[in-house]
Amino acid sequence: MKLSIIPILSVVLILHGCVQKKTDEEKIRAKSLVSLTSIRRGTMAHIEPLPSIAQYLRHTTVESPIAGTIKFVKINFNDRVHKGQLLYTIETKERRALGNLGSDIPLDKNYGLVNVYAPMDGVVTSLPQSQPGIFVPEAAVLCDITDEKSLYFQVNIPYEYNRYIAQNTSGKIILPDGTALNARLQTPVIQAITALQTIPYMAKLDNAHYIPSGTIAKFEMVVYKNKEALLLPKKAVLSDELMEKFWVMKLLNDSLAIKVFIQPGDQDSEMIEIKSPKFTGQDRILVSGNYGLGDSALVSIK
């Protein structure tokens with residue numbers, strides 16, 4: 001009776017082994033569906049936005065040369081004026097007093113009238129005295145004129161970035177509304193801002209614009225640029241949780257992908273620079289379906 005049980009147990013064990021082997025083979029044959037990309041050459045640049053503020057080098061205040069009553073105002077706020085243009089006519093106290101005595105006393109038409117002219121080209125940026133008939137004392141502020149061509153932006157550049165200026169002085173001024181204006185760094189201000197460890201530079205716009213003084217903007221400075229960078233889409237690069245190790249999945253043949261560790265460089269919104277290894281255009285890199293794959297993984301190309 002014992003001898004008849006042995007063959008039965010042998011058959012059961014053989015059948016179980018076949019089922020287990022078939023299951024393992026199915027697991028090995030399981031493949032991830034992936035899509036591919038390849039390395040490409042292009043320009044990678046690192047742009048640092050630096051704080052800047054609009055200022056004007058040429059600005060003048062027009063004052064009343066005498067005490068008197070404003071008779072004529074020939075300008076409005078934000079008008080562009082030219083040097084020598086008539087701005088105000090002020091009537092002296094003497095002329096006004098004689099005029100009040102009646103018309104029996106003849107007066108020269110220009111007697112007691114003092115004209116005030118623009119001392120420079122520019123824009124009227126302040127107009128405290130805009131109405132005729134107002135009495136103003138001597139040296140009273142009548143208006144402010146700013147030369148819009150003297151606009152510059154003070155850019156506070158960290159001292160460690162000073163070495164990049166010799167390589168590239170051009171950049172873009174980004175206004176609060178997103179407008180980008182081409183600009184070029186010029187003379188540094190002699191005194192550094194020691195508390196911030198920055199050097200103030202003057203950035204001059206390539207084309208004349210009128211921008212209110214005190215406008216806060218950003219100067220985009222290129223601190224790194226590689227015109228022959230090896231680039232991959234950011235989705236192709238994987239990393240560990242601590243962002244210490246980086247790798248890509250490289251396709252060896254039509255079905256096997258392996259992990260290749262890389263040294264990443266700079267990146268933008270879409271691409272990342274690969275410092276090493278030196279991939280070629282023939283290397284096929286997984287760009288989707290790569291997340292969670294092991295060192296060697298069977299894959300199926302979409």
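Could you list, in sequence order, all residues of segment 234-258 that are touching a residue at least 24 places away in the same chain (Cβ under 8 Å) and not hydrophobic (A, V, I, L, M, F, W, C)?
Within segment 234-258, Lys234, Lys235, Lys250, Asp254, Ser255 meet the criteria.
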State whether one or more residues within segment 207-226 are free of Cβ contacts under 8 Å to residues at least 60 places away in the same chain and of a type in the set (Asp, Glu).
-> no
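So that you can scan it fast, the table gives a plain yes or no per residue for (1) in a strand (DSSP E or B); (2) modelled with pLDDT under 90; (3) aliphatic (A, V, I, L, M); (4) touching a helix residue (DSSP H, G or I) at 6+ places or on another chain (Cβ under 9 Å):
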| residue | (1), (2), (3), (4) |
| --- | --- |
| Arg95 | no, yes, no, no |
| Asp104 | no, yes, no, no |
| Val123 | yes, no, yes, yes |
| Pro128 | no, no, no, no |
| Ile190 | no, yes, yes, no |
Within segment 40-63, residues being modelled with pLDDT of 95 or more and farther than 22 Å from Leu151 by Cα number 1
Filter segment 207-225 for residues that are out of contact with any Lys or Arg (no Cβ under 7 Å at 6 or more places or on another chain) and modelled with pLDDT of 90 or more; the one that is farthest from Arg40 (Cα to Cα) is Gly214
In segment 56-74, which residues are assigned to a strand (DSSP E or B), surrounded by 16 or more Cβ atoms within 10 Å (Cβ to Cβ) and in contact with a Ser or Thr (Cβ under 8 Å, 6 or more places away or on another chain)?
-> Tyr56, His59, Gly68, Ile70, Lys71, Val73
When restricted to Val155, Val141, the only residue touching a residue at least 40 places away in the same chain (Cβ under 8 Å), within 20 Å of Ile75 (Cβ to Cβ) and of a type in the set (A, V, I, L, M, F, W, C) is Val141
Please verify whether segment 270-286 includes one or more residues that are at pLDDT below 90 and either surrounded by 12 or more Cβ atoms within 10 Å (Cβ to Cβ) or closer than 17 Å to Met44 by Cα (or both).
-> no
For segment 259-282, what are the residues that are in contact (Cβ under 8 Å) with a residue 24 or more places away in the chain and in contact with a Lys or Arg (Cβ under 6 Å, 6 or more places away or on another chain)?
-> Gly265, Ile272
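Kindly provide the set of residues from segment 205-235 that are of a type in the set (Lys, Arg) and surrounded by 17 or more Cβ atoms within 10 Å (Cβ to Cβ), ordered by number.
Lys218
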So which residues in segment 116-126 are open to solvent by less than 40 Å² (accessible area, probe 1.4 Å) and closer than 10 Å to Leu87 by Cβ?
-> Val116, Ala118, Val124
Just need a number here: residues in segment 247-292 that are among the polar types (S, T, N, Q) and assigned to a loop (DSSP other than H, G, I, E, B).
-> 6
Report, by residue number, each residue of segment 287-302 that is open to solvent by 60 Å² or more (accessible area, probe 1.4 Å) and under 35 Å from the mean Cα position of the chain (by Cα).
-> Tyr291
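The values are calculated or read from the model by the stated rules, or taken from the named source; none is laboratory data. Keep in mind that this is a model prediction, so the values were computed, not measured. Note: ideal-geometry Cβ built from the backbone for every residue, glycine included; neighbour counts use all protein chains shown. In case anyone asks, the SASA skips ligands and DNA or RNA and just uses the protein heavy atoms, side chains included. Shrake-Rupley method; radii C 1.70, N 1.55, O 1.52, S 1.80 Å.
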